[in-house]
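Just so you know, all these numbers are worked out from the coordinates, no wet-lab data involved. What you see is a predicted model, and the numbers here were worked out from it, not measured in a lab. Quick reminder, even Gly has a Cβ in these numbers, built from the backbone with ideal geometry, and neighbours come from all protein chains shown.
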Amino acid sequence: MYNQFLWGASTSGFQVEGGYNEGGKGISTTDIRFVPDGIADSKVASDHYHHYQEDIMLMKELGLKAYRFSFCWARIMPDGHNANEEGLKFYENIIDLCLEYGIEPLPTLYHFEMPQTLVEEFGGWKSRECIKAFTQYAEVCFKRFKGKIKNWITINEQLIAMAASDLNGNHEKDKDLQLKNMYQMSYHASVAESQAFALLHEIDKDARIGVVNAVQNVYPATASPLDILAAMDAEEIMMYMLLDMSVFGEYSPRVRTLLTNMECFPKTEDGDYEVLKNSKPDFIGINYYSSLCVKNNELKKINNNLPPFFRSKQFEVVKNDKIERTDWMANGIDPLGIRTIIYKIFNRYHLPIIITENGMAYSDELVNGKIHDNYRIDYLQKHIKEVLIAKEEGYPVFGYCPWSFIDVVSSHQGFSKRYGLVYVDRTDIDVKECQRFKKDSFYWYKDVIESNGENL
């Protein structure tokens with residue numbers, strides 16, 4: 001099924017494209033979100049819209065076997081309902097150029113953005129109307145690129161996407177309602193995703209479709225049974241909940257209990273069960289950066305100061321003193337965690353796995369046209385080593401895509417937080433010409449690809 005290991009790299013539309021008002025594109029939720037003064041927004045980003053040919057040439061030089069990127073829904077369907085030929089042609093050009101250079105395009109349908117018109121029309125993912133809108137959008141994409149795409153991805157990091165109100169267009173100040181909305185929106189997205197699975201399998205029987213979730217290996221703070229249960233509950237919510245919906249078509253009994261106790265169990269409708277049960281993904285994508293450590297929440301109170309997906313009556317997030325941390329990697333650097341995650345996910349779902357994001361954030365500096373990012377090489381080397389160990393043991397890992405191919409505008413830190421193998425010469429306040437410079441990690445990863453992982 002997956003004969004060649006896909007040495008790839010990833011980006012996302014709103015974080016690299018720019019060209020926010022060109023090519024017939026509609027306004028995305030990410031185009032009009034509030035961004036503090038002095039932080040770059042996504043209107044220009046890395047200007048991939050005007051540099052995509054140069055960027056794909058760099059991918060060819062790097063030796064990429066796959067390029068994971070995302071479609072901007074508002075570029076393809078500006079009003080959320082009607083297709084835009086110019087937008088479709090832009091992505092067709094990217095896909096065709098990748099194929100010409102032997103790079104497999106791996107598109108994601110939804111990566112933290114949607115047409116603002118759908119938020120204004122019915123509230124976006126808060127409404128069941130979004131299920132229909134997403135399915136229509138998926139159908140347009142599947143039919144247009146039939147025969148060109150081997151592997152599709154539905155939604156990137158669904159739980160985070162629904163929690164990030166500034167990205168999804170649903171700005172809710174009430175913390176309790178924000179939490180309820182997150183789980184309701186996530187449920188709608190799961191139903192929409194299941195419909196997309198079935199639709200692709202109907203339209204293009206030779207193509208495969210998968211899900212991508214942000215996962216964190218969760219450790220208990222102590223050997224206390226209550227802390228161990230807290231760690232299990234954290235994994236149920238943040239890792240297994242969505243995958244269970246994707247693969248099994250239902251929440252686990254434990255998740256049902258946890259959501260009910262938080263008064264966050266989503267509203268369902270007749271017919272949902274059949275939709276969720278009658279289709280499933282062909283593979284699972286893993287976005288892994290760091291692990292998590294938790295302890296039992298003794299007071300059983302929700303801490304509304306935490307991100308929504310960390311809010312629970314069952315667990316509290318605590319610092320793990322056993323692993324290294326940096327300014328941009330607050331939860332710590334844990335290479336073994338990525339192998340452990342592969343074990344856990346495959347043992348539960350028995351589906352092929354691709355690492356769709358894994359990367360090291362740092363405030364890179366361009367000095368005399370060079371970027372010496374040994375810290376990134378060290379991070380990637382250690383994580384790739386663990387991935388290959390799992391693969392050698394027989395786990396069906398068929399690809400690895402570091403985040404990110406080029407520097408992208410971080411959703412909240414602009415260009416002060418960089419992940420790329422390729423440096424984009426711009427700052428948060430000065431766009432300049434967005435000139436590209438290959439970092440040391442670019443040349444290192446090129447050697448890794450050429451040696452098929454032998455030269456680590």
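Below is a table of values for the structure above.
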item	result
Over 26 Å between alpha carbons, listed pairs 175/267; 295/385; 43/446; 65/382; 322/438	295/385; 43/446; 322/438
Size of electric dipole in the chain: Cβ of Lys, Arg +1 and of Asp, Glu -1, about Cα centre, debye, nearest 20	800 debye
Shape parameters for segment 235-358, alpha-carbon atoms, Rg then Dmax in Å	16.3, 48
Relative exposure of 430, 176, judged by other C-beta atoms within 10 Å (fewest first)	430, 176
Where trypsin sites (Lys or Arg not before Pro) fall in DSSP loop in segment 361-456, at most 13 other Cβ within 10 Å	432
Rel. contact order, % - alpha carbon contacts under 8 angstrom, at least six apart, the chain	17 percent
Ascending count of other beta-carbon atoms within 10 Å, so fewest first, for 201, 171	171, 201
Cleavage-rule hits (chymotrypsin sites (Phe, Trp or Tyr not before Pro)) in segment 1-75: DSSP loop, at most 14 neighbouring Cβ within 10 angstrom	34
Principal axis box of segment 100-254, alpha-carbon based, largest edge first, Å	54, 37, 30
Dimensionless Rg over Rh [segment 1-120; C-alpha; Kirkwood]	1.00
Ranked list, fewest to most other Cβ atoms within 10 Å of each Cβ, for 427, 154	427, 154
Cα centroid separation, segment 17-39 to segment 112-166 (Å)	17 Å
Kirkwood Rh, Cα atoms: Rg over Rh of the chain	0.93
Mean Cα-pair separation over length for segment 1-127, i.e. relative contact order, pairs under 8 Å, 6 or more apart, %	33 percent
Alpha carbon centroid spacing (whole Å) that separates segment 185-242 from segment 410-441	31 Å
Packing-based ranking, highest mean first, of 293-299, 96-102 given that Cβ atoms within 10 Å are counted	293-299, 96-102
